[in-house]
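Working notes, structure below.
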Amino acid sequence: MNTTIDFQTLEEKQLCPLNTREALIYEVRRGLLKRPRSLVPWMFYDAQGSRLFERITTLPEYYPTRTERDIFENHAEAIVAAACSRNSRPVRLLELGAGTATKTAILLNAMTRVRTEVTYVPVDVSSTALEEACDSIACLLPDVQIQPMVANYVADPPRLEWFEGNTLAMYIGSSIGNFLPEEARTILRNLRSQLRPGDGLLLGTDLVKDEATLVQAYDDKDGVTAAFNLNILHRLNRELGADFDTCCFRHRARWNRAESRIEMHLESTRDQRVDIPAAQVGVQFAAFESIHTENSYKFTRAGIRGLLEDSGFCFEGAWTDRRGWYAVTLARVA
């Protein structure tokens, strides 16, 4: 079987709302003209933001990526055996927020050892990351068919074509933790609506642990996470003609115990005014006022189970690392 990459003209799919000036303008007006001020996390991921995030995943303080990878490396065969029914039907792996798919390759490799027909459908808002993922999988696993989608799976859930086989949806990297609880349930319910009885979901989630470990993971000593956070202001300068002086904002990572989440903020170091001409917006910041840019919820095992059940899935099993810091959970369409 030869590798098939069906890009369906990436230029056409670039019309996704996340890649337009109008979407940036809308979010600037929605988030910066009210208090507390906020911006949505998808704005991080232009080409520079995607590169910075890939660097973050290699930092010694940032344990989630390597811990999740270890789980896949140690348990890939068991995960595939549990997730895929015991028959010879083709299998389709749908991945939300695919990024560069470095961990996904481990699971796909295990799938190709037990199924002759494997299709990979990566979905991401970043065409840059998606192309890298497709190139990587095509090189490593030439027998896997690849059908990428550039799409905003939050606002516009991917519509799956009929598939003569089993579908396993995958949402890893603890990306579900970037959404408010009601938003997370909506994402999973929308995904559930595209799956059939017997299809599965593999969900990666970061677990609650000590505060020092959590904060360090989002405030590394080399300042890469700070650069990633500040890139959202650089992007507004580049694309909307804003005049943010990024030297007058600083990165802050805070553990909100009551909400069980790490919060990322950009804090103004002085009283200042910022103009964003393309959005026809002027914003007056007070010293120490912040822009809330991202949440990263941390879960308990009971919380994971409740989230899945509320979203129409039945819990089947989970794999964790030896420290119990991270979980990869398998659920099935109820």
Inset, instruction - Treating cross-link reach as a plain straight distance, find the aspartates and glutamates whose alpha-carbon is under 19 Å from the alpha-carbon of Lys221, omitting any fewer than eight places away in the same chain. - result: Glu54, Glu61, Asp210, Glu211, Glu263, Glu267
Inset, instruction - Between Arg29 and Cys314, take the C-beta separation as r, use R0 = 41 Å, and let me know the FRET efficiency to the nearest 0.05. - result: 0.50
Legend entry - Simple label model, 7 Å out from Cα along Cβ direction - Arg21 to Asp275, nm: 1.7
Inset, instruction - Place a +1 charge on the Cβ of each Lys and Arg in the chain and a -1 charge on the Cβ of each Asp and Glu, then give the dipole magnitude about the Cα centre in debye, rounded to the nearest 20. - result: 780
Inset, instruction - Enter the angle in degrees (range 0 to 90, nearest 10) between the Cα long axis of helix 127-140 and the first principal axis of the Cα atoms of the chain, meaning the one along which they spread out most. - result: 30
Legend entry - Angle in degrees between helix 181-194 and the longest Cα principal axis of the chain, rounded to the nearest 10: 40
Inset, instruction - Please state the charge dipole magnitude for the range 216-334, taken about the Cα centre, from unit charges on C-beta atoms (+1 on K and R, -1 on D and E), reported in debye and rounded to the nearest 20. - result: 480
Legend entry - Label point distance in nm, Glu161-Arg69, each placed 7 Å from Cα along Cα→Cβ: 3.3
Legend entry - Listed candidates (i) 22.4, 84; (ii) 20.7, 68; (iii) 20.1, 65 - label of the one calculated as Rg and Dmax of the Cα atoms in Å: (iii)
Inset, instruction - Let me have the 222 nm mean residue ellipticity of the chain computed from DSSP H runs of 4+ only, each contributing -39500 (n - 2.57), with the sum over all residues rounded to the nearest 500. - result: -11000 deg cm²/dmol
Inset, instruction - Compute the FRET efficiency between Ala78 and Asp243 as 1/(1 + (r/R0)^6), taking r as their Cβ-Cβ distance and R0 = 56 Å, and round to the nearest 0.05. - result: 0.55
Inset, instruction - Among DSSP beta bridges lying fully in the chain, give the percent that are antiparallel, nearest 5. - result: 60
Legend entry - Rounded to 10°, Cα long-axis angle of helix 21-32 versus longest principal axis of the chain: 60
Legend entry - Pairwise centroid distance, computed over Cα atoms, of the range 284-308 with the range 251-276, Å: 11
Legend entry - Arg113/Glu61 FRET efficiency (R0 30 Å; Cβ-Cβ; nearest 0.05): 0.30
Legend entry - Long pairs among Lys103/Lys209; Lys34/Lys209; Lys34/Lys103, criterion Cα-Cα beyond 28 Å: Lys34/Lys209; Lys34/Lys103
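Read the figures in this text as sums done on the coordinates, not as results from a lab. Everything numeric in this text was worked out from a predicted model, so none of it was measured. Positions of Cβ are backbone-derived with ideal geometry, glycine not excepted, and every protein chain shown enters the neighbour counts.
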